[in-house]
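> Questions regarding the structure given below will be posed in turn.
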Amino acid sequence: QGAVWKRLFPNMFTILIEGIDKQSRNYVCSVLFNCTAWNGSQALQQLISTDEGKAIIRSGVGLCEQPNNLEWAQLFVEGLICAERFMQVFEVCQGSPLLLTLLEILEEKIKSSPSPTKKELFGEIESAVPVTTFLFLAKTLARDRQHIIDLATGKEVGEDGAVTVRILHILAEVTGLFEHFERIIGNTPFLECAVKMLNEINTVEPIKFDRSQYEAGPEGGRYAIRKELIRIITNMCSKKKHHQDKVRLLGGVQTVLCHCILDGNNPYLLEWSVFALRMLLENNPENQEIVRSLQAVGKVSEKDAQKIGVS
């Protein structure tokens with residue numbers, strides 16, 4: 001590997017990965033994968049620290065997109081992620097559409113079942129995305145939280161907003177993987193950030209009780225944001241009393257209660273809100289008291305009940 005790397009890096013790799021022959025590009029990505037998909041590799045260090053190497057990384061990520069969608073390009077990028085180089089690749093792709101492609105690769109990896117073929121290639125690191133990747137994404141989401149708030153309340157946000165929403169989706173998925181990522185699930189500052197975002201969104205644009213359940217809304221757009229935040233709260237409060245208490249102290253129990261309604265623009269919002277409420281109340285007398293102290297303020301009219309699908 002060392003001899004091959006010395007001979008091909010950076011010029012021949014650059015020429016071949018940007019060539020017109022699809023099969024040649026796939027072979028190049030195979031060589032790149034085998035030289036860099038392990039920690040401590042000198043080739044890996046050269047790749048991420050030089051301008052020529054960064055250009056090769058960008059080309060590799062680009063080959064994961066349609067119409068190329070090369071298998072070895074995907075394995076090459078997954079290898080960089082598993083070798084704890086996600087943060088560097090994130091920075092290399094920043095400011096271009098390649099960043100969304102990188103996040104899609106990461107999301108696909110954490111969702112996919114372990115593959116015998118990949119197990120043979122990756123060894124013990126197959127499917128083992130380092131938790132530092134998600135701690136980095138949690139910090140990025142906290143830094144760019146205003147994108148989420150603006151999108152959820154109907155404001156225009158630039159292309160960076162799409163990246164922040166994708167990060168939100170990934171973290172909602174990861175916090176549900178209890179066996180693998182305890183460090184992110186137990187990250188109290190991240191939970192606090194999620195609760196504060198949901199509170200602020202609902203303050204700026206309170207959830208509407210009387211929206212027609214048949215009013216269409218895009219699942220992947222602004223309307224999915226509340227659901228994903230509540231999903232994170234649900235996952236992070238499961239059997240964690242200190243997190244349940246933190247949500248109560250931030251006023252999050254009341255906010256979650258507000259979302260226990262049917263809303264056609266927020267698919268599964270009701271289900272996740274009810275599930276979140278269950279996690280928040282489980283073995284927590286203080287949180288249970290909040291619900292117990294609620295008082296009826298009037299009856300819902302038959303017309304309003306029909307609007308939210310209750311007959």
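The values are calculated or read from the model by the stated rules, or taken from the named source; none is laboratory data. This structure is a prediction, so every number in the text was calculated from the model and none was measured. Cβ coordinates were reconstructed from backbone atoms using ideal geometry, including for glycine residues, and neighbour counts include every protein chain displayed. These area figures cover heavy atoms from the full protein model, side chains too; ligands, DNA and RNA do not enter into them. Shrake-Rupley method; radii C 1.70, N 1.55, O 1.52, S 1.80 Å.
> Sort out which residues of region 125-180 are small (G, A, S) and in contact (Cβ under 8 Å) with a residue 24 or more places away in the chain, and write them in order of number.
A128, A138, A142, A152, G154, A162, A172, G176
Every residue, every condition in (1) within 19 Å of the chain's Cα centre (by Cα); (2) modelled with pLDDT of 95 or more; (3) within 24 Å of F181 (Cα to Cα), yes or no:
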position	(1), (2), (3)
R231	yes, yes, yes
K240	no, yes, yes
H243	no, yes, yes
L250	no, yes, no
G264	no, no, no
L280	no, yes, yes
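> Sticking with this structure for a sec: Within region 83-92, count every residue that is modelled with pLDDT under 95 and among the charged types (D, E, K, R).
The qualifying residues number 2.
> Still on this structure, please answer the following. Only one residue in L80, L63, L98, L102 is at pLDDT below 95, out of contact with any Ser or Thr (no Cβ under 6 Å at 6 or more places or on another chain) and crowded, with 17+ Cβ neighbours inside 10 Å, so which one is that?
Selected residue: L80, the only one of L80, L63, L98, L102 that is at pLDDT below 95, out of contact with any Ser or Thr (no Cβ under 6 Å at 6 or more places or on another chain) and crowded, with 17+ Cβ neighbours inside 10 Å.
> Taking the stated definitions as given, is N34 open to solvent by 10 Å² or more (accessible area, probe 1.4 Å), modelled with pLDDT under 95, over 17 Å from T133 (Cα atoms) and not in a loop (DSSP other than H, G, I, E, B)?
Criteria met by N34.
> Quick one: in region 154-164, which of the residues that are outside any helix (DSSP H, G or I) and either open to solvent by 50 Å² or more (accessible area, probe 1.4 Å) or modelled with pLDDT of 90 or more (or both) is farthest from P97 (Cα to Cα)?
K155
> For region 264-281, give me the residue count where each residue is closer than 16 Å to R231 by Cα, assigned to a loop (DSSP other than H, G, I, E, B) and open to solvent by less than 60 Å² (accessible area, probe 1.4 Å).
2
> Is there a residue in region 263-273 that is free of Cβ contacts under 8 Å to residues at least 40 places away in the same chain and either among the polar types (S, T, N, Q) or closer than 15 Å to N199 by Cα (or both)?
So far as region 263-273 goes, no, none of its residues is free of Cβ contacts under 8 Å to residues at least 40 places away in the same chain and either among the polar types (S, T, N, Q) or closer than 15 Å to N199 by Cα (or both).
> I need a count of the residues in region 176-193 that are open to solvent by less than 50 Å² (accessible area, probe 1.4 Å), assigned to a helix (DSSP H, G or I) and out of contact with any Lys or Arg (no Cβ under 9 Å at 6 or more places or on another chain).
Going through region 176-193 one residue at a time, the tally reaches 1.
> Among what's in region 1-25 and is more than 17 Å from S49 (Cα to Cα) and not in a helix (DSSP H, G or I), pick the residue that is most open to solvent (accessible area, probe 1.4 Å).
It comes out as I20.
> So for region 16-37 (the condition being in contact (Cβ under 8 Å) with a residue 60 or more places away in the chain and over 27 Å from G161 (Cα atoms)), does at least one residue qualify?
yes
> Restricting to region 83-95, name every residue that is under 15 Å from L137 (Cα atoms) and surrounded by fewer than 19 Cβ atoms within 10 Å (Cβ to Cβ).
Answer for region 83-95, where residues must be under 15 Å from L137 (Cα atoms) and surrounded by fewer than 19 Cβ atoms within 10 Å (Cβ to Cβ): E84, M87, Q88, E91, Q94.
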